[in-house]
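First the structure, in the form of structure tokens, and then the observations on it.
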Amino acid sequence: MGRLNKQLDPTQTGIEAEKLESELRKRIVGQDEAIDQIINIYQTNLAGMSSPGRPIGNFLFMGPTGSGKTRLVEALAESLVGDSRAVIKIDCAEFQHSHEIAKLIGSPPGYLGHRETHPLLSQEVLNQYHTERLKVSFVLFDEIEKASDALWNLLLGILDKATLTLGDNRRVDFSRALIFMTSNLGAAEMGSILRPNLGFGAGEAERQYSSGIVDGKLVDKVARAGMEAARRKFSPEFMNRIDKTVVFKALGAPELRKILGLELNMVQQRIFTQANGSPFVFSLTDAAKEYLLSEGTDMKYGARHLKRAIERHLVHPLSNLIATEQVRGGDLLRVDYEPGQSRLTFFKDAEDMPAYTMFQMAGATTAPLQGSLAASAVTEIPRAANGKATRR
Ligand SMILES: Nc1ncnc2c1ncn2[C@@H]1O[C@H](COP(=O)(O)OP(=O)(O)O)[C@@H](O)[C@H]1O
Ligand SMILES: [Mg+2]
């Protein structure tokens, strides 16, 4: 055997991982590191190299409210199994007492109400979205810093041994699950780096963030503050069971601008799939988009604030227009903004358009102001339809 000495590239990812990455990037703005970490673990799993007897991956997501922590997990489920409802969400603050823990794992036989309880974390629930080809579950524990000791112990067992014992002693296997935990811990420390209110440089960091010109050192500093907060609060045995800790970045103006584009697409999609079976198309002028951005920008609540502004200024008025039949199926609406007003204005530009014309238009009319993140939501990915991730 001759000596080959051919250099290999271990940073290259396979086609499936690559596809997943591009699906996630279409849906999630500004959190590339978090996406990379998920892709790494997914690739490891595809290659059959995950540690046996453990979940596929244990992730800890930290960072500010409204930065996409929950959305990323939903987007992952959408991309892999075609449905964001595949995510099993456990809001840790809701399981403080033992009777609430029973909702998760059921109560022991003989207990009052034993038969009526359907544990939230049974094997059936976990396997609900499994297909022939892809057997993966998504479990999200939100706000783990609020977990009671009892819940914390359950969590440690899942993270370490990939098993959970139910009230009636049945075992649930988590070895095909991706476990995500989120925590707002350290958000205050991270915020104070971005918003120092005293002394020289006050506001400068935040200005950098919202202008999108963030210097790498600042991002590192914020991330370090987050990690330190996690190490202070969580035990080493917990931290050792985490495969990846990711500190999500605060979203600045350029990210919010792209997210507006994505959210408008989603509103349009809602109209196509729900709006009482009479789809219409709307388009926003640049002035209207700018108004939504100015109403929806808030450092503290990130994209959540933007979503609220969209509901209030766009979705509610549209609903009224539908309910009063001022808008009908086949209409083309223009949504504009007059300076000095505190609301958007709505005009009908056309009516009786054929469905395919509307469908074609929707992609273009709801495109973001900048960037190329358009139209993905309107023509939903084909694999969402059959619930399977297909090979190219
Ligand atoms: N990075 C992001 N990319 C795309 N959409 C986002 C992003 N961050 C937030 N959003 C939007 O804002 C909403 C709230 O964000 P969410 O993921 O719930 O925040 P949190 O980080 O508090 O979990 C999401 O449902 C999504 O519509
Ligand atoms: Mg969340």
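Where a number appears in this text, it was derived from the coordinates with a stated rule and is not lab data. Source: prediction; values computed, not measured. So basically every Cβ, Gly included, is an ideal-geometry build from the backbone, and we count neighbours across all protein chains shown.
Things to note:
- Highest mean first, the peptides 222-233, 123-134 sorted by other C-beta atoms within 10 Å per residue fall in the order 222-233, 123-134.
- Each principal axis of the Cα atoms in the stretch 236-336 has its own extent, and those three values, largest first, are 60, 29, 17 angstrom.
- Normalised by 2.2 N^0.38 Å, where N is the number of residues, the C-alpha radius of gyration of the stretch 1-87 stands at 1.30.
- Unsatisfied cross-links (Cα-Cα over 27 Å) in the set Lys6/Lys244; Lys146/Lys221; Lys26/Lys161: Lys6/Lys244; Lys26/Lys161
- A simple rule links phi to the HN-Hα coupling: the Karplus curve 6.51 cos²θ - 1.76 cosθ + 1.60 with θ = phi - 60°, which for the stretch 173-190 gives 9, 9, 6, 10, 10, 9, 9, 10, 10, 10, 8, 8, 3, x, 4, 5, 4, 5 Hz, with x for Gly and Pro.
- A Cα-only calculation for the stretch 278-343 places Rg and Dmax at 12.9, 39 Å.
- Report note on the peptides 280-287, 351-358: ranked by the mean count of other C-beta atoms within 10 Å, highest first, their order is 280-287, 351-358.
- Cα-based values for the stretch 134-192, radius of gyration first and Dmax second, are 14.0, 47 Å.
- Building the convex hull from the alpha-carbon atoms of the stretch 43-131 and averaging its projection over directions returns 8.1 nm².
- Short-range pairs are left out: with C-alpha atoms under 8 Å and at least six residues apart, the relative contact order of the stretch 15-247 is 26 percent.
- Computed extension gain for Asn127 through Asp286, at 0.36 nm per residue and net of the alpha carbon distance, reaches 52.7 nm.
- In the stretch 15-247, the alpha-carbon atoms span a convex hull of 134 Å³ per residue.
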